[in-house]
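Written below as structure tokens is the structure these notes are about.
The values are calculated or read from the model by the stated rules, or taken from the named source; none is laboratory data. Since the structure is predicted, the reported quantities are computational estimates derived from the model, not experimental observations. Glycine gets a Cβ as well: all are built from the backbone with ideal geometry, and neighbour counts include every protein chain shown.
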Amino acid sequence: MRMTKPALLVAIAGASLLAGCGSSGLLNRDRPNDFAVQRQTPLVVPPDFALTPPQPGAPRPVDRSATSQQQTLDALFGGPAPRSDVEKSTIGRAGSAAPGIRSNVGDPGTNTVAKGDLTRDILAAPQGDGREAQAVAGS
């Protein structure tokens, strides 16, 4: 069986492309791994050598400022910020809430909705893989 010229050219081109996938040979080049190269940071001299060690029993520098703790709590949970007229109206219509309601919502002892017997039984059921599950069709 004779091979024609186009089939021979396709075979040579395929072989050369396949050779490019190899890890050794004509097309292999040694190059650095870009992810393994890392620059070293220069050494830095501390600006102040006059640091004194802390005194035994002295409060920590962070604990000295109670105002910064209050500012942090106000930023996280909302402090005494002025309210807009729409917000005042909405709060007025909603009624009053307990001052610590945000802390009590996640408490397991807090009852938020009367769920009924079936929902309570489902939530109190032991965790399993579902092999013992049964479905009952209501009439």
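Annotations
- Condition met for Asp117 (modelled with pLDDT of 75 or more, surrounded by 10 or more Cβ atoms within 10 Å (Cβ to Cβ) and either among the acidic types (Asp, Glu) or within 30 Å of the chain's Cα centre (by Cα) (or both)): no
- For Asp85: the one exception among (1) farther than 30 Å from Leu17 by Cβ; (2) at pLDDT below 80: (2)
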